[in-house]
């Protein structure tokens, strides 16, 4: 989060993660998954801009964050997972950084009900299929808890991170 003219760095303890075998997909979310087409990395600039435009207390996605993540995207490190409406509109999505079997989620947005959650379901499915190990969601919020997020103590998190970074890169496509 920008604090004045400085960028703050957060490392919560416990750290929020969604175990890849612990994502909670209720019946209504499963139905929503059938309403959207999932694409990966087809609209990264739109996803990050939409995330920045979401009204939230302490918004942190300013031009510097956009520039940094856009550069990471150009280098192949940052990725977006997008939920598209059948008519072609971008309904929701998320972005973050993928290294080996580790995905560090940065932000999500939605324009249609459940669209960001559908993108999350797709991300977890692709990570599981590709041998992913760790999905970092930073914080354990009530919303993320409802999706299966848990808090992991820093020492254990660092062990999981080391393991996830040691596996071959996961493909999200």
> On full extension of the chain, what length is gained from residue 77 through residue 30, given 0.36 nm per residue of separation minus the C-alpha to C-alpha distance?
Replying inline: 14.0 nm
> Tell me, in nm to one decimal, what length is gained between residue 97 and residue 113 on full extension, where the rule is 0.36 nm per residue of separation less the Cα-Cα distance?
Replying inline: 3.3 nm
> So how far apart, in nm, are the two label points at residue 158 and residue 129 if each is 7 Å from Cα heading toward Cβ?
Replying inline: 3.6
> So how much slack lies between residue 49 and residue 10, counting 0.36 nm per residue of separation and subtracting their Cα-Cα distance, in nm?
Replying inline: 11.9 nm
> Please state the relative contact order of the chain as a whole percent: Cα pairs under 8 Å, 6+ residues apart?
Replying inline: 32
>> If I take R0 = 30 Å and measure r between the Cβ atoms of residue 165 and residue 87 in this structure, what FRET efficiency does the formula 1/(1 + (r/R0)^6) give, to the nearest 0.05?
In response: 0.15
>> Modelling each spin label as a point 7 Å along the Cα-to-Cβ direction, I'd like the residue 67/residue 37 distance in nm, to one decimal.
In response: 3.5
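Read-outs throughout are calculated quantities, based only on the coordinates presented, and are distinct from any laboratory measurement. Computed from a prediction, not measured in an experiment: that's the story for all the values here. All Cβ positions, even for glycine, are placed from backbone atoms using ideal geometry, and neighbour counts span all protein chains on display.
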